[in-house]
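Participant: Let me give you the structure first, and then I'll get to my questions.
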Amino acid sequence: MQQSKASVTVIGLGPMGQAMAGAFLDAGHAVTVWNRTAARADELVARGAELAADAEAAVAANELVVLSLTDYDAVFAVLESVEAAVAGRVFANLSSDTPERARRAARWLAERGAAQLTGGVQVPPSGIGSPESSTFYSGPVEAFQRHRAALEVLTGADYRGDDPGLAQLYYQIQMDLFWSSMSGYLHATAVAEANGISAEQFRPYAVSTASLVPGMIEFYAPRIAAGNHAGDVDRMAMVLASIDHVRHTAEASGVDGAIPAVLAETVRRAVEAGDGASSLTSLVGRFRKA
C-alpha cells in the first residue's frame, strides 16, 4: 500500500512491537523502528520500515513514538538516553507496569516538553490490527484526539481520562482477574490429570463453570457498589468449607495445595472476624483494609 498517512516510530521489537509496526505498515504509514537488537527489525525493514541508527534518531524521526517495552525500567532507560530529542513528541507508552510508574514517566516527559499517552493493550500480538481488540488509553486528551486515528490502526481505543495512571490501572485490574482465573483453571487441570482425567476430558466442564462467571459478576457488581454483602445467595462459612474440600482433594491427589490454602486462609480470617453469615463479596472490603 502506498505510504500516505502520518509517519510513526515504534521502539521495542518483541512480538508485540513487531506486530504493531507491521500493522502500521499494512495501513500505509511510514514507520521508523529501533530495537537494541537490530536484527529484530530485518523483516520489518524488508517490508518498508526505516531502521533508525539509534534510539535518539528514532525519536527525532516522528511526532508519534510508540513504546513497546517489557516494563518501565526499560522505558526509563530509553527515555533517559534520548532526553535531548523528546521535546514536542507524543509517546504512546504501551509498556506494562504500575499506575504510579506511568505517572512518573508522564511527569518526566512533561517536564521536558513532551506528552505521554499511557496504554494498556488488552490483547496478545495476534490481536493487533483488529478493530475488535481494545487498548486502554489515558493522558492529555488533545494528544489522544490528534493521534487517535493512528492508534486505532493497532486496536480500538478506550480513552479513560487525563490521569496518565488510569490506563495502567484498568489494565492491571484486568490482569488481576485474568491471571487469578487462569491459575485456578490450571490448578484444577492438575488435579484432574492426577486422577486420570485428561485436559481434553475436563475441557467442556471447565468451560461450563467458567461461563457462570460473567453472570455472577453482573449480579454481584451492583450489590458490591451498594455495600450489600447479605448472605442470602452465598455465605462465607459455606465457601470456607468448599475451599477446604478443594484443598484436601488436591493434596490427596499429590497436587500442590498452596493456591486453595491461601484462599481458605483468607476466607477463614473473615469468618473468624464475624463475617461467616455474609456473602463472599464482603472480602472486597477486607482486601482494601489489608
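Participant: Here are some conditions: (1) under 22 Å from Phe178 (Cβ atoms); (2) touching a helix residue (DSSP H, G or I) at 6+ places or on another chain (Cβ under 7 Å); (3) not charged (D, E, K, R). Val262 meets all but one. Which one does it not meet?
Facilitator: Here Val262 meets the rest and fails (2).
Participant: Could you identify the single residue in Ala150, Ala230, Ala190 that is assigned to a helix (DSSP H, G or I), over 30 Å from Ala258 (Cβ atoms) and not basic (Lys, Arg)?
Facilitator: Numbers: Ala230 fails: assigned to a helix (DSSP H, G or I); Ala190 fails: over 30 Å from Ala258 (Cβ atoms).
Every option except Ala150 fails the conditions.
Participant: Mind telling me which of the residues Glu50, Glu80 ends up being at pLDDT 95 or above and in contact with a Ser or Thr (Cβ under 6 Å, 6 or more places away or on another chain)?
Facilitator: Values: Glu80 fails: in contact with a Ser or Thr (Cβ under 6 Å, 6 or more places away or on another chain).
Testing whether each residue is at pLDDT 95 or above and in contact with a Ser or Thr (Cβ under 6 Å, 6 or more places away or on another chain) leaves just Glu50.
Yes or no, residue by residue, for (1) surrounded by 15 or more Cβ atoms within 10 Å (Cβ to Cβ); (2) among the hydroxyl-bearing types (Ser, Thr, Tyr); (3) in contact with a Leu (Cβ under 9 Å, 6 or more places away or on another chain):
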{"site": "Phe91", "(1), (2), (3)": "yes, no, yes"}
{"site": "Ser95", "(1), (2), (3)": "yes, yes, yes"}
{"site": "Ala102", "(1), (2), (3)": "yes, no, yes"}
{"site": "His147", "(1), (2), (3)": "yes, no, yes"}
{"site": "Leu186", "(1), (2), (3)": "no, no, no"}
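Participant: Condition first: over 30 Å from Ala258 (Cβ atoms), of a type outside the set (A, V, I, L, M) and part of a helix (DSSP H, G or I). Can you find one or more residues in the range 119-126 that meet it?
Facilitator: yes
Participant: Here's something else I'd like to know. Taking Ala58 as meeting all but one of (1) over 15 Å from Leu154 (Cβ atoms); (2) surrounded by fewer than 23 Cβ atoms within 10 Å (Cβ to Cβ), write down the number of the exception.
Facilitator: Ala58 satisfies all of (1) over 15 Å from Leu154 (Cβ atoms); (2) surrounded by fewer than 23 Cβ atoms within 10 Å (Cβ to Cβ) except (2).
Participant: Please specify each residue of the range 207-227 satisfying the condition of being touching a residue at least 24 places away in the same chain (Cβ under 8 Å) and among the hydrophobic types (A, V, I, L, M, F, W, C). Lay out the reasoning, then the answer.
Facilitator: Initially, the range 207-227 is screened for residues touching a residue at least 24 places away in the same chain (Cβ under 8 Å), giving 210, 213, 220, 223-224.
Matches in the range 207-227: Ala210, Val213, Ile224.
Participant: Taking the range 1-43 on its own, how many of its residues are assigned to a loop (DSSP other than H, G, I, E, B) and farther than 19 Å from Val78 by Cβ?
Facilitator: So in the range 1-43, the residues assigned to a loop (DSSP other than H, G, I, E, B) come out as 1-4, 12-14, 27-28, 35-37.
Still in the running and farther than 19 Å from Val78 by Cβ: 1-4, 27-28.
Count: 6.
Participant: What number of residues within the range 45-55 satisfy the criterion of being in a helix (DSSP H, G or I) and either basic (Lys, Arg) or surrounded by 23 or more Cβ atoms within 10 Å (Cβ to Cβ) (or both)? Don't jump to the end; show me each part of the working.
Facilitator: Restricting attention to the range 45-55, the residues satisfying the condition of being in a helix (DSSP H, G or I) are 45-46, 55.
From the residues that got through so far, the ones that are either basic (Lys, Arg) or surrounded by 23 or more Cβ atoms within 10 Å (Cβ to Cβ) (or both) too are none.
Looking only at that region, the number is 0.
Participant: Sticking with this structure for a sec: So which residues in the range 199-228 are under 26 Å from Glu272 (Cα atoms) and more than 29 Å from the chain's Cα centre (by Cα)?
Facilitator: Residue satisfying the conditions is Asn228 alone.
The values are calculated or read from the model by the stated rules, or taken from the named source; none is laboratory data. Everything numeric here is computed off the predicted structure, so don't read it as measured data. Because the Cβ atoms are built from the backbone with ideal geometry, glycine has one as well, and the counts that use them run over all protein chains shown.
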